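Beneath this line is the structure, given in structure tokens, with notes to follow.
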Amino acid sequence: MICLGIESSCDETAVAIIEDGRKVLANVVSTQIPIHKKFGGVVPEIASRKHLTNIAFVVKEALDSANLTFKDIDYIGVTYGPGLIGALLVGVAYAKSLAYALNIPIVPTHHIAGHIAANYLTYPELKPPFMSLVVSGGHSHLIYVKDYTDFEIIGKTRDDAVGEAFDKVARVLGLPYPGGPEVSKLARDGKFTYNLPKTKFENYDFSFSGIKTAVINIAHKEGENLRKSDLACSFEQTVTDELVENCMKAMKDLKIKKVVLAGGVSANLVLREKLQNASKERGYECFVPDLKYCTDNAAMISSAAHYNFISGKYYEIEDKLDLNAIANLKIEEE
Ligand code: KG4
Ligand code: ZN
């Protein structure tokens with residue numbers, strides 16, 4: 001079965017075509033980063049307008065690159081949340097129109113289920129159950145993936161998402177948006193010399209606003225004497241330690257021996273290495289997504305859509321013309 005997947009939850013207009021959930025026939029990402037960079041972050045209204053002007057061209061490019069036509073598509077997968085509401089609506093409205101015109105089913109898909117599914121594209125043998133450490137610009141979650149479409153949140157951030165913290169720290173250090181890769185690059189020249197607070201809760205929640213504030217305070221206090229690369233390194237080391245330690249604690253307590261990293265921050269090389277090393281020490285299996293599937297793309301959405309489709313979580317378009325985007329969609333409600 002061939003799925004055409006659409007992702008427009010934030011600042012990437014993305015379309016992919018996937019066969020049977022794992023074989024990528026096309027994966028096109030039209031990024032708006034250069035546009036939003038000028039503003040130091042994503043401007044929601046601009047994002048929606050750009051999705052609108054781009055989407056038909058990105059669909060055409062995906063079909064051409066797979067050497068297929070609309071007639072070859074069996075169903076449409078689309079991100080319907082969570083994300084920026086205006087941005088999501090463009091993808092959802094386009095997906096509904098296309099499904100209606102082609103008279104094929106539509107599969108509403110959760111963005112985070114997509115990030116997790118990025119690993120199915122990377123590892124053909126990977127199957128649930130497993131623990132997923134989901135780290136993106138909008139999420140920091142520990143999710144027990146019981147089955148392809150069955151998720152339980154084990155822990156989550158109580159304030160900022162870790163990607164959001166990376167982006168804010170970047171701004172303090174005078175680095176451009178998106179800040180994660182920039183902070184990480186700067187950290188390579190630095191040493192772990194600044195002492196930053198780590199949070200520990202009774203349960204498996206995270207918190208990143210305290211460390212963000214500590215970074216801001218150090219930057220103000222040190223002024224001209226600030227060792228930017230050391231602060232970047234100290235921040236990266238501290239947050240990645242917190243993520244990995246919490247994940248390992250949850251896995252030990254819940255007796256889960258397989259872990260899957262997901263979300264835009266999974267592109268962070270320090271985090272990937274720490275999670276792999278911590279897993280190896282404990283005899284756990286560890287999976288990290290191919291770098292090209294870490295940040296937002298539609299290949300991952302199409303893979304997640306496939307598992308929704310085969311488990312019956314799809315609609316004949318005639319029955320779901322009122323499908324809406326949901327900005328704060330919960331993964332457990334999928
Ligand atoms: O998953 P994603 O593309 O969008 C959301 O769903 O939010 O994640 C984007 C986030 C941004 O905050 C970005 O700074 C962060 O992922 N990111 C990184 C790296 N690459 C992207 N953070 C740390 N290190 C990286 N190498
Ligand atoms: Zn994302």
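Spacing of the modelled spin labels on Lys37 and Glu61, each 7 Å from Cα toward Cβ, amounts to 1.6 nm.
Tell me, what is the per residue accessible area of the chain in Å², probe radius 1.4 Å?
43
Taking each of Lys37/Lys191; Lys38/Lys60; Lys37/Lys185 in turn, the alpha-carbon distance tops 20 angstrom for Lys37/Lys191; Lys38/Lys60. Dividing the summed helix terms, -39500 (n - 2.57) for each DSSP H run of n ≥ 4, by the number of residues in the chain produces a 222 nm estimate of -14000 deg cm²/dmol to the nearest 500. Taking Ala298, Ala118, Ala26 in turn, the Gaussian network model of the chain (Cα-Cα springs below 10 Å) assigns the largest fluctuation to Ala26. Dipole size of the range 128-289 about its Cα centre, with +1 on Lys/Arg Cβ and -1 on Asp/Glu Cβ: approximately 280 debye, rounded to the nearest 20. One chain, two ends: Ser97 and Ile85. Fully extended at 0.36 nm per residue, the span grows by 2.5 nm beyond their Cα-Cα distance. The listed peptides 282-289, 227-234, ordered by packing as a protection proxy, come out as 227-234, 282-289 (highest mean of other Cβ atoms within 10 Å first). Projected onto their three principal axes, the Cα atoms of the range 213-323 cover extents of 64, 38, 25 Å, largest first. Per-residue SASA remark: Glu316, around 90 Å² accessible (1.4 Å probe; ligands, DNA and RNA not included). The aspartates and glutamates within cross-link reach of Lys71, meaning a Cα-to-Cα straight distance under 16 Å and a gap of 8 or more places when in the same chain, are Glu19, Glu61. Computed over protein heavy atoms with a 1.4 Å probe, the carbon and sulfur contribution to the accessible area of the chain reaches 51%.
For the range 142-198 versus the range 1-30, the spacing of their alpha-carbon centroids is 25 Å. The modelled label-to-label distance for the pair Glu152/Asp290, using points 7 Å beyond Cα in the direction of Cβ, is 3.2 nm.
The values are calculated or read from the model by the stated rules, or taken from the named source; none is laboratory data. Quick caveat: nothing in here was measured; it's all calculated off a predicted structure. In this analysis, Cβ positions are derived from the backbone assuming ideal geometry, glycine residues included, and neighbour counts consider all displayed protein chains. Only protein heavy atoms, including side chains, enter the accessible area calculation; ligands, DNA and RNA are left aside. Shrake-Rupley method; radii C 1.70, N 1.55, O 1.52, S 1.80 Å.
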